[in-house]
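The values are calculated or read from the model by the stated rules, or taken from the named source; none is laboratory data. Remember, it's a predicted structure, so these values are computed and weren't measured experimentally. Reconstructed Cβ throughout: ideal geometry from the backbone, glycine too, with neighbour counts over all protein chains shown.
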């Protein structure tokens, strides 16, 4: 699995307008390309910046899906964002590859697809051990 991660630092004065536009227009447009199967929007809460910082994570099944997005859709979508909020944001992008499956706190003991045991006891230290 591939995660396309976009981090945006905003001028504080546009935060509400920007977030509304991202939720209503930009992110749905990105997902409608068919290149991504899931997305999440996060607000960074431990930033050293005094300005608001957001992270969008778009999930795709393969590097080919991401390349299709990058080559066929990203230029126009990024231009639309840049034109609308020119000079009022800074952004960076990363491409991440999953190397370990997610482990749920409720899953208890679990083995990954590679056969590596995921023996994590995620209960608080004060919880009784069985």
Helices (runs of 4 or more DSSP H) (entirely within segment 1-79) containing at least 3 residues that are in contact (Cβ under 8 Å) with a residue 60 or more places away in the chain | 63-72
Pull up segment 48-89, narrow it to residues that are exposed (fewer than 13 other Cβ atoms within 10 Å of the Cβ) and more than 24 Å from residue 37 (Cβ to Cβ), then point me to the one that is modelled with the lowest pLDDT.
-> 49
Of all residues in segment 6-38, count the ones that are surrounded by fewer than 16 Cβ atoms within 10 Å (Cβ to Cβ) and within 11 Å of the chain's Cα centre (by Cα).
-> 1
Is there a residue in segment 89-108 that is at negative phi and in contact with a helix residue (DSSP H, G or I) (Cβ under 6 Å, 6 or more places away or on another chain)?
-> no
